[in-house]
Amino acid sequence: MRGGFQNAANVPELRRRVIFTLLMLAVYRIGVQIPTPGINTDALADFFAKNANTLFGMFNMFSGGALEKFSIFSLGIMPYISASIIFQLLTVVVPHLEALKKEGEQGRRKITQYTRYATVGLSIIQGFMISVGLEGMAAPVGSEMIVIDPGWSFRLMTILTLTTGTAFIMWLGEQMTERGIGNGISMIIFAGIVARMPAAIGNTISLVRAGELTMIFIPILLVMMAGVIGIIIYFETAQRRIPIQYAKRVVGRRMYGGQRSHLPLKINMAGVIPPIFASSIMMFPATVGGMIQIDWVQRAAATLQWGSLLHTAIYVGMIVFFCFFYTAVTFNPNDIAENLKKNGGFIPGIRPGKKTSEFIDKVTVRLTVVGAVYVSVVCVLPTMLISKLNVPFYFGGTALLIVVGVAIDTIAQMESHMVMRNYDGFLKDSRIKGRR
């Protein structure tokens with residue numbers, strides 16, 4: 001691994017890309033520290049301390065702690081992610097977008113342009129809702145208001161600041177994707193999650209010193225962390241490779257085709273989208289319960305309290321549902337079978353056309369079952385650790401899936417840059433590749 005990093009420093013283009021990415025991430029983290037005008041930061045910190053398990057806590061995690069400081073980057077990159085997911089789903093039901101998707105690079109650029117416009121629109125809506133919501137909130141202890149001077153001046157300033165901040169983050173992400181290393185949007189989320197880890201580690205050390213956690217428990221937690229990370233790496237890189245055979249064709253006096261290939265299908269095709277959707281929906285009752293002081297609303301929120309058996313069961317069910325739903329939306333076996341048929345490819349032992357589509361669909365369903373179980377286990381792990389073992393921070397779940405997935409993709413891109421220039425990669429004996 002050390003030799004791999006030394007080789008990475010010897011590739012000028014890769015070195016420039018890594019330095020550019022680090023500089024852009026530094027700019028992002030500096031922006032997280034710049035507060036939006038008109039906010040009582042102490043009252044806001046008290047509010048987030050009491051609402052860690054609501055939608056506010058989730059959005060705060062994805063924004064890298066920017067929301068609890070109400071910085072200019074408070075919305076983070078979530079509006080862009082939401083807009084991207086919306087347009088991914090719309091490409092299935094809107095013929096115009098479906099046609100653009102099939103036009104290649106030009107069509108993808110047009111969809112990206114629509115996504116940017118939608119991001120600005122969502123940012124304006126969310127900025128307005130947050131500004132109005134904050135005006136009516138007070139710190140949990142006492143009656144100190146979070147907004148110093150409520151009114152339209154504060155609302156317009158908040159909308160302008162947060163929308164501009166999101167647009168700037170979106171630009172940073174696109175610049176990192178084009179001129180840096182890895183996917184820029186994913187790197188921004190990665191940086192936000194990782195930036196909160198030192199505070200979690202410091203909290204753990206404080207609990208050990210206070211005697212609330214024993215020293216014997218720390219090595220067990222470290223071994224468990226290494227095991228979970230290893231499982232995530234295995235499943236995120238695992239593939240089911242369906243063999244593909246291409247028929248031979250005679251053109252003039254030459255014979256073409258006859259090659260063997262494979263169709264790689266990931267176990268976790270849906271990625272982190274299912275747990276994000278499921279977490280957002282499951283945190284909604286707690287969020288409403290914290291805002292509306294009505295008996296039946298409070299009882300419903302208490303029934304679906306984070307960590308309860310009912311909450312966990314519904315959460316797992318929603319993860320499984322979104323795994324199948326998102327895979328069905330983004331992966332079409334009929335298109336795969338049709339493309340294979342047009343290019344003279346077929347699966348050995350399977351007739352081209354409908355039979356091939358049915359076979360791929362059957363394999364996809366089985367893989368999705370395994371992937372849904374894997375994602376559910378990883379996402380339920382924090383609940384078990386916090387409720388049973390009193391772990392003082394989230395370990396596992398969506399955050400860990402994102403961190404490990406982004407790390408794998410980034411290392412794979414660095415590996416490809418080094419291999420193209422005849423350098424050994426990070427792993428000399430093996431490459432980062434899918435498993436059978």
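Just rank 246, 234, fewest to most, by other beta-carbon atoms within 10 angstrom.
The order, fewest Cβ neighbours first, is 234, 246.
Name the shape class, rounded, prolate or oblate, that the alpha-carbon gyration tensor gives for the stretch 67-136, where a ≥ b ≥ c are the square roots of its eigenvalues, rounded holds for a/c under 1.5, and otherwise prolate holds if a/b is larger than b/c and oblate otherwise.
Because a/c hits 1.5 or more and a/b exceeds b/c, the stretch 67-136 counts as prolate.
Sequence neighbours fewer than 8 away in the same chain don't count; with that in mind, list the aspartates and glutamates whose C-alpha is under 15 Å from residue 266.
Residue 266 reaches 236, 361, 409.
For the pair residue 295 and residue 20, what calculated FRET efficiency results from E = 1/(1 + (r/R0)^6), where r is the Cβ-Cβ distance and R0 = 51 Å, to the nearest 0.05?
Working from the Cβ atoms, E equals 0.40.
Which of the aspartates and glutamates could be linked to residue 354 by a straight reach, that is with a Cα gap under 18 Å, when you skip same-chain ones fewer than 8 residues away?
Filter leaves 335, 338.
7 Å from Cα along Cα→Cβ at both residue 224 and residue 148: what's the point-to-point distance in nm?
In this crude label model, residue 224 to residue 148 measures out at 4.4 nm.
How long is the gain from residue 233 to residue 109 if the chain were fully straight, where each residue apart is worth 0.36 nm and the alpha carbon distance is subtracted?
41.5 nm
Using the Karplus curve 6.51 cos²θ - 1.76 cosθ + 1.60 with θ = phi - 60°, what ³J(HN,Hα) values do you get for each residue of the stretch 24-40, in whole Hz, with x for Gly and Pro?
Using θ = phi - 60°, the values come out as 5, 5, 5, 4, 4, 5, 5, x, 4, 8, 8, x, 6, x, x, 10, 7 Hz.
Which order do the peptides 107-113, 235-241 take when ranked by the mean count of other beta-carbon atoms within 10 Å per residue, highest first? Walk me through the numbers before you get to the answer.
Working: 107-113: 13.4, 235-241: 17.6.
Output ranking for 107-113, 235-241: 235-241, 107-113.
Starting at the first residue of the stretch 66-81, write each ³J(HN,Hα) from the Karplus equation 6.51 cos²θ - 1.76 cosθ + 1.60 with θ = phi - 60°, in whole Hz, x for Gly and Pro.
Working through the residues one at a time gives 6, 6, 5, 9, 6, 7, 5, 9, 4, 6, x, 9, 4, x, 5, 5 Hz.
Ranked highest first by average number of other Cβ atoms within 10 Å, how do 156-164, 93-101, 63-71 line up?
So the order, starting with the most tightly packed, is 63-71, 156-164, 93-101.
Since every read-out is calculated from the coordinates, none of them should be taken as a lab result. Here the structure is a predicted model, which is why all the values come from computation and not from measurement. Ideal geometry is used to build each Cβ from the backbone, glycine not excepted, and the neighbour counts take in all protein chains shown.
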